[in-house]
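One structure below.
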Amino acid sequence: MPKPKQYWMVKQEPTAYSWEQFVKDGKTSWTGVRNYQARNNLREMQVGDQVLFYHSVVGKEVVGIAKVSRTAYPDPTAEDPAWVCVDLIPETTLRCPVRLEMIKSTPGLREMSLLRNSRLSVLKVQPAEFTTILDLAS
């Protein structure tokens, strides 16, 4: 039996790789992750899982939704094959970005991994949190 759909968040500085560039590229390999917890999250991702794309440092906002198109495989930017990446494709640009301040002030999001483990670049998102983010973006 297939696993139920999961939800994730990836964080990237827009000066390094922006949502707009991702949409222009049409797909990307999410490489360069060198944190064990983030790597384990990449390993759990399944094709079809939805991923919130968060601009970190500059902007600090969820700007779009991507989808996992290829499960974890060895990261070609790493010397150690234990490090993995996944492939993502852009799905939807949010009509209104959801800023960090909105996330912090929304009751259903106060326990979100983004707030509890702010340095992690690949985060698990609960289904209710994903739905709340989409509600805030509309």
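Let me confirm something: among Asp87, Asp49, Asp80, which residue is under 14 Å from Val125 (Cβ atoms) and either out of contact with any Pro (no Cβ under 8 Å at 6 or more places or on another chain) or of a type in the set (Asp, Glu) (or both)?
Criteria check complete, one pass: Asp49.
Please enumerate the residues belonging to region 73-96 that are within 14 Å of the chain's Cα centre (by Cα) and not β-branched (Val, Ile, Thr).
Cys85, Asp87, Leu88, Pro90, Glu91, Leu94
Mind listing just one residue for me: the one in region 25-79 that is among the hydroxyl-bearing types (Ser, Thr, Tyr) and touching an Asp or Glu at 6+ places or on another chain (Cβ under 9 Å) and, of those, nearest to Met112 (Cα to Cα)?
For region 25-79, the residue satisfying everything is Tyr54.
Anything in region 84-112 that is of a type outside the set (D, E, K, R) and modelled with pLDDT under 95? List them, or say none.
Pro107, Gly108
Looking at region 85-138, which of its residues are farther than 21 Å from Asn41 by Cα and hydrophobic (A, V, I, L, M, F, W, C)?
Those that are farther than 21 Å from Asn41 by Cα and hydrophobic (A, V, I, L, M, F, W, C): Leu94, Cys96, Val98, Leu100, Met102, Ile103, Leu134, Leu136, Ala137.
A quick yes/no check of all residues on (1) more than 13 Å from the chain's Cα centre (by Cα); (2) aliphatic (A, V, I, L, M):
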site: Lys5; (1), (2): yes, no
site: Lys11; (1), (2): no, no
site: Thr31; (1), (2): no, no
site: Gln37; (1), (2): yes, no
site: Leu42; (1), (2): no, yes
site: Val47; (1), (2): yes, yes
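The values are calculated or read from the model by the stated rules, or taken from the named source; none is laboratory data. No experiment lies behind these values; they were computed from the predicted model shown. So basically every Cβ, Gly included, is an ideal-geometry build from the backbone, and we count neighbours across all protein chains shown.
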